[in-house]
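Participant: I have a structure here, written as structure tokens, and I will follow up with some questions on it.
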Amino acid sequence: MSNCHDTSAQTASPLAIMDVDAPLIALAGQPNMGKSTLFNLLTGLNQHVGNWPGKTVERREGHFDLNGRSVRLVDLPGTYSLTAYSPEEVIAREFILREKPSVVIAVVSAANLERSLYLVAELATLKAPVVVALNMMDVAAQEGIHVDAQVLEAALGLPVVPMTASKAVGVRELLGVVQDILSGKPAPRPLPPEVRADHRKVLDKIETLIIAHVPEPYPHNWVALKLLEGDVEVTRMMHTALPNDVWDVVHDVLRLHDDAFLAVASGRYEWIGRMVRAAVARPRVGQIGMTERLDRRAAHPLWGLFILAGILGLVFWLTFTIGSPIQAWLDEQVVTPLAGLAAGALAGAPFWAQGMVVDGLIGGVGTVLTFLPILVVFFAAFALLEDVGYMARAAYVMDNLMHLMGLHGKSFLPLFLGFGCNVPAIMGTRVIDSWPARLLTILIAPLVPCTARMAVVAFIAPAFFGANAIWVSWGLVLLSLLALVSSGALLNRVIFKGQRSAFIMEMPLYHIPNARTIGLLVWQRSLSFVRKAGTAILAMSLLVWALSYLPGGDLNTSFLARFGQLIEPVGSWMGFDWRLTVALITSFPAKENAIATLGVLFGNSPNVGLANILVASFSNASALSFLVVTMLFIPCMATVAVTKQETNSWRWTLLSVFLLLGISVAAGAAVYHLGVLFGL
């Protein structure tokens, strides 16, 4: 095996025009097999690699050069089988059947071969050439598992290439096998599983009945197997394709053997058992692997909660220790002097031009861009947790607490993802099988403090509370989670009548995190933030500046001031003046806009940063109230849009918005008056 992939497989720009005549390769595999890692390695595309089931929902496509030849590569959604139980499975199989890729690379885990091979058992029955990428050899060795790739290859009748995609080990050999197939070298003949013996004649009878009526491009033997298996999509298709008299006969056969899906599954599992017995050597009885040793604490019902709390605390500590000082330095040493230079350079320009650049552009967008070091710490921390395999343990230990809301630990996975961004968190609820549980998770997901909210906290908390900022931030997160649990319990009791659902999820093995994967994720999310700053936040900053300038150039008589003064009575309940109230409202397009708006409204002094101006303008009680409301306020525009998309209902979407509006105003008012009472 090689320690790096073939130099002939060079990274190509994702923006380049793809050659539609180039050979097509499909990457297929179950979740957590390292499929997306291999895709990133070959194409160089910055695709996020999840570490829990259901993260990859859409197809990803790229290309790379193989021995001077352009090759298209499609990363199919992670799927456990090719039976139509989910949209991901339908997408994967329809692509293979209709697009007819030149090669299908089936990525399996050497550390969990029994589960991995179920998808291979189905792929082996299709016409497309299949190559098995036996990934995670390092994780298998770490658990004391040895897989003999040559024996497995002989048993499967398919090429098997051992590899570790996270370290680029074995990729050269994999590309060599792919090149042989593309060059016309005869592919090995697969040895797929058979239906259990007591149903083979039934399968033959169905195949004989339908063979003349199966539509292209579906293989008749595969369609017959899917009918026997009870596949809903295939059954619907053949009901339409078959003449009525033939369908009646087929339907009668299927009805007489309505347990046939067990015979199909049994045949596959017997086949998998033979493969594993032939090729896998396990550790001796009593030997404990690393995953089991770690899970004795990380997945413990009590200690696991302490570990999770400690990990979250460590993330915040790193943020304030590393990110906040850099952010403060950028604000004081870059943004503020830059505003002074711009003011000097535009001294002879019209007042509106100077104000637009200094207050609108630099004061708004420049201040928001100083958040980047803070966000990089958040992104890196959660990418590390995701990549190492801890996310599933966090969901497991949270299962009991989730039950307070009528949910289960699987709901914690998208909620945990919300610490990065609420938008993918809501989309991630697709992994939840129960619709009431999924809907409830969507409604409460915006209460998870995303990095945008935390960036506002990381800017304001150190300025007002100094060394106590970490405890203030920790308290704000706990308040958000308390609001989440309370709201979830209330909604479940009032709307969903206390419904509960079962909890079944996969616990992936721990593995050493891959720096390249984490780096790609941090880069992708950071770039997305910078793009947002250059588009949505820039537009909002300039709009806020224009409203603060017009009609006569005086902030106190501007359109924005009039609007702010109109709604100031509501803000006063929470200790806000009209400027803080307006800043809060402008956070709807993007939460970072709150700081951008304050930057515009308070301007930039050549010698004083925005944080210092805010400290001189507001009390600690008002600042704490503003932070509480920011953490609980209505979700951003993108979150509202994806809530409407996932629920397909304005009723549920507006319920989410007004629920958070009520919670945030009530909490802000309570915190402000308590703060005043205790002399903050």
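Participant: Quick one: putting +1 on the C-beta of Lys and Arg, -1 on the C-beta of Asp and Glu, what dipole do you get for region 197-281 around its Cα centre, in Debye to the nearest 20?
Facilitator: The dipole of region 197-281 has a size of about 400 debye.
Participant: What ranking do 155-162, 246-253 get when scored by the average of other Cβ atoms within 10 Å per residue, highest first?
Facilitator: Going by the mean number of other Cβ atoms within 10 Å, highest first, we get 155-162, 246-253.
Participant: Shifting gears a bit: Which one, 165, 70, 151, is farthest towards the positive end of the dipole of region 24-182 when Lys and Arg carry +1 and Asp and Glu -1 on their Cβ?
Facilitator: The listed residue farthest towards the positive side: 70.
Participant: Can you tell me how much longer the chain between residue 620 and residue 556 gets when fully stretched, taken as 0.36 nm per residue apart minus their C-alpha distance, in nm with one decimal?
Facilitator: Going from the current span to full extension adds 20.6 nm.
Participant: Net charge near residue 375, counting Lys/Arg +1 and Asp/Glu -1 over other residues with Cβ under 10 Å of its Cβ?
Facilitator: Here the charged neighbours net out to 0.
Participant: Sorted by average packing, counted as other Cβ atoms within 10 angstrom per residue and highest first, what order do 438-445, 517-524, 307-314 take?
Facilitator: The most tightly packed comes first, giving 438-445, 517-524, 307-314.
Participant: While we're on this one: On a 22 Å Cα-Cα criterion, which of the cross-link pairs 127/226; 100/167; 205/226; 100/226 come out too long?
Facilitator: Flagged as over cut-off: 100/167.
Participant: For the ranges 106-114, 237-245, 193-201, what's the packing order if you count other beta-carbon atoms within 10 Å of each residue, average per peptide, and put the highest first?
Facilitator: 106-114, 193-201, 237-245
Participant: Based on Cβ point charges of +1 for Lys and Arg and -1 for Asp and Glu, what charge dipole magnitude is obtained for region 554-680 about its Cα centre, in debye rounded to the nearest 20?
Facilitator: Charge dipole of region 554-680: 200 debye, to the nearest 20.
Participant: Give the shape of region 197-281 as rounded, prolate or oblate, defined through the alpha-carbon gyration tensor: a ≥ b ≥ c are the square roots of its eigenvalues, a/c under 1.5 means rounded, and otherwise the shape is prolate if a/b is larger than b/c and oblate if not.
Facilitator: Here region 197-281 falls in the prolate category.
Participant: Would you be so kind as to identify which of 209, 281, 244 lies farthest towards the positive end of the dipole of region 197-281, taking Lys and Arg as +1 and Asp and Glu as -1 on Cβ and the Cα centre as origin?
Facilitator: Most positive-ward Cα: 281.
Participant: Taking neighbour Cβ counts within 10 Å as the exposure measure, how do 261, 626 sort from fewest upward?
Facilitator: If I rank by nearby Cβ atoms, fewest first, I get 261, 626.
Participant: Let me ask something else. Rounded if a/c is under 1.5, else prolate if a/b is larger than b/c, else oblate: which is region 24-182, with a ≥ b ≥ c the root eigenvalues of its Cα gyration tensor?
Facilitator: In terms of gyration-tensor shape, rounded.
Participant: Work out how much length residue 334 to residue 100 would gain on full extension: take 0.36 nm times their residue separation and subtract the Cα-Cα distance, in nm to one decimal.
Facilitator: Value of the extension gain: 78.7 nm.
Participant: Report, in debye and to the nearest 20, how large the dipole of region 24-182 comes out about its Cα centre when Lys and Arg carry +1 and Asp and Glu carry -1 on their Cβ.
Facilitator: 340
Participant: Taking a ≥ b ≥ c as the square roots of the eigenvalues of the Cα gyration tensor of region 637-680, is the shape rounded (a/c under 1.5), prolate (a/b larger than b/c) or oblate?
Facilitator: In terms of gyration-tensor shape, prolate.
Participant: Let me ask something additional. Quick check: pseudo-label points 7 Å beyond the Cα along Cα→Cβ at residue 91 and residue 676, how many nm apart are they?
Facilitator: 5.2
Coordinate-derived values only; no laboratory data. All values reported here derive from a predicted model rather than from experimental measurement. Positions of Cβ are backbone-derived with ideal geometry, glycine not excepted, and every protein chain shown enters the neighbour counts.
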